[in-house]
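Asks: Starting off with a structure, shown below.
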Amino acid sequence: MGIGYSPFPEPLPSLSFLASIKNATFFVPKKATLAERLKHALKLYVNLPRFLSHRIFIFVSPPYFHFGCILILKALRRKVITVAVDAYSEIVKEKFWQAPLWKKIVRRMMYPFYLISETLSIKNSDKVFCVSIYLFKKYQQLNKNVYYTPNGADVTLISKIQPKKLGKNVIFYMGGFLKWRGIDLLIKAFKLVRRKHDVKLVLVGGFKEELRYYPELKHLLKVKDVIYLGPLSHERAISYLKGAKIAVMPNRNTIFSRTISSIKVFEYIAAEVPQVCTDSGEHADWVKKLNVGIVVKDNVNDLATGISKLLDNKKLYDKLKKNCKVQKMKIDYKVLRKAWFDYLKSIQLERNSHPTVENFASHA
């Protein structure tokens, strides 16, 4: 059917779009460094002639290096499908991005290139599947075959994972530690909550690269009763999540956070853990719509107030937890991605179908 490509190694939430593809050739790098991505992109161009026997090529965007492959494939009348995860042109504008000054300058200078590559890739795709409403609305202006297919969560898988015994009143976060994700806001809010409650904060995720230019967070991770576990396997992370009382999504309300649809909110719901979520993007809309948590502003005091409210108000907490249980099948990935699975089914019924899957996605 086609060929797949990615600048990030597995596991990556966006790649779960591709897990159900049968008889596919995957093209995924071993590391997530810029050098590895460039090397991998070059390798894709060099090896493209080998894959021209395939009819369908699936790319996970943003397409900041592989857009040339898309143009070549379209000229050769191959089908190109794009799964839109991030709008990289928006990442360039993110003021909370941590990096040396020279990298920030180079990234700014590259903005026109990112914008052009993104536009050409979407315009030349036969179909585009978007994980967020923002991307769906944006790309509808470039292509008529655009579908809204949020991440969702694997509810069946999560329901089978046993909760870790963590004790009483554990607050939980899992995900990246980039500054726009607001981990510093969460820890400062936790310090306020701890003044009146016997609580612990468990943090899962983060990488050395994310902490390198974030000295404040290194200090905050040493706060009393903050338990930093580092990166864990997905199953272990979910086990800790299910053992927690409250889950938190502390994203800052930034340009980039408003363009994505985070998978964390869906997994919190699937684990039946009430959450406190900042009003920082589409994920907050899901929390409000399903009534499975409290939505607050992206500041320390409001986060602390939201967490304390769930600790103090048992009636409210029990109601939100019940709503998670009742509503969780609505956010199952097979439900939310129906358009994607319907399309996969249609092309896999065709003869000589062999997909090639590419992924060039940023962490979201």
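Asks: Identify the residue in region 277-297 that is of a type in the set (Asp, Glu) and surrounded by fewer than 19 Cβ atoms within 10 Å (Cβ to Cβ) and, among all such residues, is farthest from residue 249 (Cα to Cα). Write out each step before concluding.
Replies: Step one: filter region 277-297 for residues of a type in the set (Asp, Glu), giving 279, 282, 285.
Restricting the remaining residues to those that are surrounded by fewer than 19 Cβ atoms within 10 Å (Cβ to Cβ) gives 279, 285.
On the way: 279: 9, 285: 13 Å.
For region 277-297, the residue satisfying everything is 285.
Asks: Kindly provide the set of residues from region 135-152 that are in a loop (DSSP other than H, G, I, E, B) and surrounded by fewer than 19 Cβ atoms within 10 Å (Cβ to Cβ), ordered by number. Let's see the steps before the verdict.
Replies: Our first condition is that a residue be in a loop (DSSP other than H, G, I, E, B); within region 135-152, this holds for 141-145, 149-152.
The answer is 141, 142, 143, 144, 145.
Asks: All but one of (1) under 22 Å from residue 294 (Cα atoms); (2) under 24 Å from the mean Cα position of the chain (by Cα); (3) modelled with pLDDT of 90 or more hold for residue 192; which doesn't?
Replies: The single condition residue 192 does not satisfy is (2).
Asks: Could you run through region 267-306 and say how many residues are modelled with pLDDT under 95 and either of a type in the set (Phe, Trp, Tyr) or outside any helix (DSSP H, G or I) (or both)?
Replies: Counting residues in region 267-306 that are modelled with pLDDT under 95 and either of a type in the set (Phe, Trp, Tyr) or outside any helix (DSSP H, G or I) (or both) gives 2.
Asks: So, one more: For residue 156, state whether it is out of contact with any Leu (no Cβ under 8 Å at 6 or more places or on another chain), within 28 Å of residue 204 (Cβ to Cβ) and either at pLDDT below 95 or buried (at least 19 other Cβ atoms within 10 Å of the Cβ) (or both).
Replies: On the way: out of contact with any Leu (no Cβ under 8 Å at 6 or more places or on another chain): yes; within 28 Å of residue 204 (Cβ to Cβ): yes; either at pLDDT below 95 or buried (at least 19 other Cβ atoms within 10 Å of the Cβ) (or both): yes.
For residue 156, the condition - out of contact with any Leu (no Cβ under 8 Å at 6 or more places or on another chain), within 28 Å of residue 204 (Cβ to Cβ) and either at pLDDT below 95 or buried (at least 19 other Cβ atoms within 10 Å of the Cβ) (or both) - is met.
Asks: Sticking with this structure for a sec: Quick check, is residue 227 in the same structural domain as residue 269 (by TED's automatic domain parsing), under 24 Å from residue 281 (Cα atoms) and of a type in the set (Val, Ile, Thr)? First the steps, then the outcome.
Replies: Details: in the same structural domain as residue 269 (by TED's automatic domain parsing): yes; under 24 Å from residue 281 (Cα atoms): no; of a type in the set (Val, Ile, Thr): yes.
No, not satisfied.
Asks: Of all residues in region 117-134, which are outside any loop (DSSP other than H, G, I, E, B) and either touching a residue at least 24 places away in the same chain (Cβ under 8 Å) or in contact with a Ser or Thr (Cβ under 7 Å, 6 or more places away or on another chain) (or both)?
Replies: Pass one, region 117-134, residues outside any loop (DSSP other than H, G, I, E, B): 117-123, 127-130, 133-134.
Of everything in region 117-134, those that are outside any loop (DSSP other than H, G, I, E, B) and either touching a residue at least 24 places away in the same chain (Cβ under 8 Å) or in contact with a Ser or Thr (Cβ under 7 Å, 6 or more places away or on another chain) (or both) turn out to be 117, 118, 120, 121, 122, 127, 128, 129, 130, 133, 134.
Asks: Looking at region 237-262, which of the residues that are closer than 30 Å to residue 197 by Cα and of a type in the set (Ser, Thr, Tyr) is surrounded by the fewest Cβ atoms within 10 Å (Cβ to Cβ)?
Replies: Going residue by residue through region 237-262, those that are closer than 30 Å to residue 197 by Cα are 237-253, 262.
From what is left, the residues that are of a type in the set (Ser, Thr, Tyr) are 239-240, 262.
Numbers: 239: 19, 240: 22, 262: 27.
Per the criteria, the residue is 239.
Asks: Return the residue satisfying two criteria in turn: it lies in region 74-114 and is in a helix (DSSP H, G or I) and buried (at least 16 other Cβ atoms within 10 Å of the Cβ), and of such residues it is modelled with the lowest pLDDT.
Replies: Within region 74-114, the match that is modelled with the lowest pLDDT is 88.
Asks: To continue, here is another question. Residue 216: assigned to a helix (DSSP H, G or I), over 21 Å from the mean Cα position of the chain (by Cα) and farther than 20 Å from residue 169 by Cα, yes or no? Write out each step before concluding.
Replies: Values: assigned to a helix (DSSP H, G or I): yes; over 21 Å from the mean Cα position of the chain (by Cα): yes; farther than 20 Å from residue 169 by Cα: yes.
Yes, satisfied.
Asks: Please find, within region 167-209, the residue that is farthest from residue 303 (Cα to Cα) out of those that are touching a residue at least 24 places away in the same chain (Cβ under 8 Å) and among the basic types (Lys, Arg).
Replies: Keep residues of region 167-209 that are touching a residue at least 24 places away in the same chain (Cβ under 8 Å), which gives 167-194, 196-207.
If we keep only those that are among the basic types (Lys, Arg) too, we end up with 168, 179, 181, 188, 191, 194, 196, 200.
Working: 168: 20, 179: 16, 181: 13, 188: 9, 191: 11, 194: 13, 196: 15, 200: 15 Å.
The extreme case among them is 168.
The values are calculated or read from the model by the stated rules, or taken from the named source; none is laboratory data. Since the structure is predicted, the reported quantities are computational estimates derived from the model, not experimental observations. Glycine also receives a Cβ, built like all others from the backbone with ideal geometry; neighbour counts cover every protein chain displayed.
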